[in-house]
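This report concerns only the one structure given below.
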Amino acid sequence: MSGVFLGMPAFPENAAAAVQDSQLRFNLRRATRTIRGKRAAVAGELPDWAALRDAGKQIKDHTLRNLDRYLLQLEEAVTRAGGRVHWAADAAEANRIVAGLVEATGETSVVKVKSMATQEIGLNEALAERGITAYETDLAELIVQLGDDWPSHILVPAIHRNRSEIREIFRERMGEWGRPAPEGLTDDPRALAEAARLHLRERFLASEVAISGANFMIAETGTLVVLESEGNGRMCLTLPRTLISVVGIEKLLPTWRDLEVFLQLLPRSSTGERMNPYTSTWTGAAEGQEFHLVLLDNGRTAVLADEVGRQALRCIRCSACLNVCPVYERAGGHAYGSVYPGPIGAILTPQLRRSGTVASRDRLPPSATRDLDASLPYASSLCGACFEVCPVAIDIPEVLVHLRAQAPHPRAERLGMRAAGWVFDRPVRLARAQRLGGRLRRFLPRRLPGPLSAWTDTRDIPDIPAESFRDWWGRTGGGTR
Amino acid sequence: MRVALFITCVNDTLFPGTGRAVVTLLRRLGCEVAFPEAQTCCGQMHLNTGYPQEATRLARHFTDVFAGYDAVVTPSGSCAAMVREQYPRLARAAPGPSFADAVAETAPKVHDLPEFLVDVLGVTDVGASFPHRVAYHPTCHSLRGLRLGDRPARLLGGVRGLELVPLPGAEECCGFGGTFAVKNPAVSAAMCADKVHNVMATGAEVLCAADNSCLMHIGGTLRRQRAGVRVMHLAEILAATEDDPGTGRGAKAGTGSGTGAGTGAAR
Ligand code: SF4
């Protein structure tokens, strides 16, 4: 995955810092709550939402089970329609392929449609190393790029910014990248959008190569589908002479008919709209255009091999789970150390990076994200809000618990859990431990030592009762004596 | 009806008053209550922290202990959800059919208290009296795991003198999450701060829930802040009557009355 997150500390430290940032918390709280309400309203108004959600899950599961067959069908269809298909096993290979294709056109710059897959592989950085500049054209992505920042949300990468911060970024940085911001730019959202439009319009008209991802790929016809709100995608997909799409292999759907389900699920879950403003579909190369499809594995087939973890591959990147997550709302997206933040990131990142497990410790050299990845499955209170809103019914808490079992455990915790298990194995041991606690209760300090101090930093501990329930039951015959 | 009480390790050790309240309440409603003394812990903490082997061992023990009862009642939504939702998964991963059979036999009979009262006994008026302003926190596993819906509210609605005040953002997690509270203390505390803020905004005297783990977390924060709001388990409110207006911790509770209130409340 993208190199920008290398060397980040584990989630709890990142989150602790973010919680202190009141501006960030205010921005996130406002943004996620607005979009959360909109989603609930438009999902709630469909009487068959539960059936749609189930259909989405079934279609994705069926596709994943037959992925090999559908991928070959797609390759054939795309080729027949004049496109070229490239297979990339990992990020390095995908980046090499894309850079080579751009170099072959003789261009040194590209425009980009917002795409998670290209962020996942760190494409912009890889292109920069080969002297190619990638210009983001999605408004939020532009804000992130101009601000030398990292994305913190799947749908709204600059969700951590408010409009006065955005105005500052535009005023200071737009000129370095192209057309500068207009004089006297205010933080009125319309003025900011207009500044971005003027800045980007020049870029669209001057670009010969575009790079996109795709929301869906249709195996039967070889069609790619992009859903967006701003029209920048449509510009990128149609104007340049060469179009390169980098798409994860799990984005397949067997037929056009299946799209019906997802064109309802995605916009309603994502932006909280009944329908997104722009849906672009294209099949192979248009006349006078060259089209390349780079199919990206980058850890996906390994995820597919895990019976519990594989449901993460159903994800359609709607970001509904981020918007309802109480942990995301307080920790912010950057704390997750990956382009996939929030609940889906907590289950997808460790699986895609194949690190953060006991097994990978022996198999892989120490990676800079190892401790971070090991902490991600614990970045959740298991409240289940993510599962409830997920349009393809990914049981994120189930996968989190599954990944926790594979994560390396601190020694003190391991001993503590083993001791607790030993006590719970025999009721007499439990009773003895309770009596000991009852006798020592007056000596319990107000602040607990070691890792448990995390509890008493902000909360009192409950009074230990003199007698446990089981001892009361035994002594009084269940209250009858 | 022969009902077994699964007290849970947390209530057994820290909140015996809640257990006594459940016994009082169920007897008042005509149930014969058994307490299988071999019971210990459902294994939730082990499973959710990443120790499925220990959890499976405790789950096997649980199904041994509770086999053969008409119903198992527990005053903890998250422990009920653990047995009903997670045990079948543990059974699928465990070798041999005997554990899976035991789970299929026992798990569906395990009920959270409000669910047992409303769905199995078919009562919403349990004859309780509790003349106080109460806010109810639904807790995540009751709400999204067991889907208890408005059952607790209906039960509280049947309590004489009780004024139920709506809690803003009720469906949001309080930030307890078991070991989450210790592993991610900053986020956990921030979530609880917002919960406490919402509780205070209601002007309630008592914050009620059907899970003492969440109440220990919220109540511990309330008490640290000297907020003057008590926390009480739903069972304790439902057990309270005009004759026993105290805390409803079991008329024949004998010793320990008062200590059981240690749900971290400001008293
Ligand atoms: S996991 Fe589900 S809710 Fe989250 S982004 Fe993916 S599809 Fe959307």
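The values are calculated or read from the model by the stated rules, or taken from the named source; none is laboratory data. Quick caveat: nothing in here was measured; it's all calculated off a predicted structure. Ideal geometry is used to build each Cβ from the backbone, glycine not excepted, and the neighbour counts take in all protein chains shown.
Okay, here's what the table says:
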| quantity | calculated |
| --- | --- |
| Residue satisfying condition, being charged (D, E, K, R) and modelled with pLDDT of 95 or more, within set A:230, A:202, A:220 | A:220 |
| Number of positions in the stretch A:383-422 that are away from the ligand (no atom under 15 Å from the Cβ), hydrophobic (A, V, I, L, M, F, W, C) and either within 29 Å of residue A:35 (Cβ to Cβ) or more than 23 Å from the chain's Cα centre (by Cα) (or both) | 7 |
| Selection status of residue A:85, assigned to a helix (DSSP H, G or I), outside the structural domain of residue A:394 (by TED's automatic domain parsing) and closer than 23 Å to residue A:297 by Cβ | no |
| The listed residue being within 16 Å of the ligand (Cβ to nearest atom), crowded, with 24+ Cβ neighbours inside 10 Å and not assigned by TED's automatic domain parsing to the domain that holds residue A:396, out of A:263, A:253 | A:253 |
| From the options A:330, A:314, residue that is over 12 Å from the mean Cα position of the chain (by Cα), more than 9 Å from the ligand (Cβ to nearest atom) and not aliphatic (A, V, I, L, M) | A:330 |
| Residue among A:448, A:452 that alone is within 9 Å of chain B (Cβ to nearest Cβ), under 23 Å from residue A:411 (Cβ atoms) and out of contact with any Lys or Arg (no Cβ under 8 Å at 6 or more places or on another chain) | A:452 |
| Set A:410, A:391: member being buried (at least 20 other Cβ atoms within 10 Å of the Cβ), of a type outside the set (A, V, I, L, M, F, W, C) and more than 7 Å from chain B (Cβ to nearest Cβ) | A:391 |
| Residue in the stretch A:202-219 that is surrounded by fewer than 20 Cβ atoms within 10 Å (Cβ to Cβ) and either outside the structural domain of residue A:162 (by TED's automatic domain parsing) or of a type in the set (Lys, Arg) (or both) present | no |
| Condition met for residue A:72 (surrounded by fewer than 17 Cβ atoms within 10 Å (Cβ to Cβ), under 29 Å from residue A:121 (Cβ atoms) and either aromatic (Phe, Trp, Tyr) or more than 14 Å from chain B (Cβ to nearest Cβ) (or both)) | yes |
| From the options A:326, A:350, residue that is of a type outside the set (Asp, Glu) and in contact with a Leu (Cβ under 7 Å, 6 or more places away or on another chain) | A:350 |
| Residue that is farthest from the ligand (Cβ to nearest atom), among those in the stretch A:278-287 that are assigned to a loop (DSSP other than H, G, I, E, B) and in contact with a Gly (Cβ under 7 Å, 6 or more places away or on another chain) | A:285 |
| Residue in the stretch B:143-152 that is more than 22 Å from residue B:237 (Cα to Cα), buried (at least 17 other Cβ atoms within 10 Å of the Cβ), assigned by TED's automatic domain parsing to the domain that holds residue B:232 and small (Gly, Ala, Ser) present | yes |
| Qualifying residue in the stretch A:107-116 (condition: surrounded by 16 or more Cβ atoms within 10 Å (Cβ to Cβ) and on the phi > 0 side of the Ramachandran plot) | no |
| The stretch A:193-213, residues that are over 18 Å from residue A:244 (Cβ atoms), among the aliphatic types (A, V, I, L, M) and touching a helix residue (DSSP H, G or I) at 6+ places or on another chain (Cβ under 6 Å) | A:195, A:196 |
| Condition met for residue B:198 (polar (S, T, N, Q), within 13 Å of chain A (Cβ to nearest Cβ), crowded, with 20+ Cβ neighbours inside 10 Å and closer than 23 Å to residue A:19 by Cβ) | no |
| Criterion (of a type in the set (Asp, Glu), more than 14 Å from chain B (Cβ to nearest Cβ) and either under 24 Å from residue A:155 (Cβ atoms) or out of contact with any Lys or Arg (no Cβ under 9 Å at 6 or more places or on another chain) (or both)) met by exactly one of A:90, A:21 | A:90 |
| Residue A:302 in contact with a Leu (Cβ under 9 Å, 6 or more places away or on another chain), small (Gly, Ala, Ser) and away from the ligand (no atom under 16 Å from the Cβ) | yes |
| Unique residue being surrounded by 22 or more Cβ atoms within 10 Å (Cβ to Cβ) and over 13 Å from residue A:137 (Cα atoms) when the list is A:171, A:161 | A:161 |
| Options A:158, A:128, A:88; residue that is free of Cβ contacts under 8 Å to residues at least 24 places away in the same chain and under 25 Å from residue A:344 (Cα atoms) | A:158 |
| Selected residue (only one of B:145, B:177, B:158 is in contact with a helix residue (DSSP H, G or I) (Cβ under 6 Å, 6 or more places away or on another chain) and either more than 30 Å from residue A:448 (Cα to Cα) or within 11 Å of chain A (Cβ to nearest Cβ) (or both)) | B:145 |
| Per-region count, the stretch B:127-154, residues outside any strand (DSSP E or B), of a type in the set (Gly, Ala, Ser) and over 16 Å from residue B:169 (Cα atoms) | 3 |
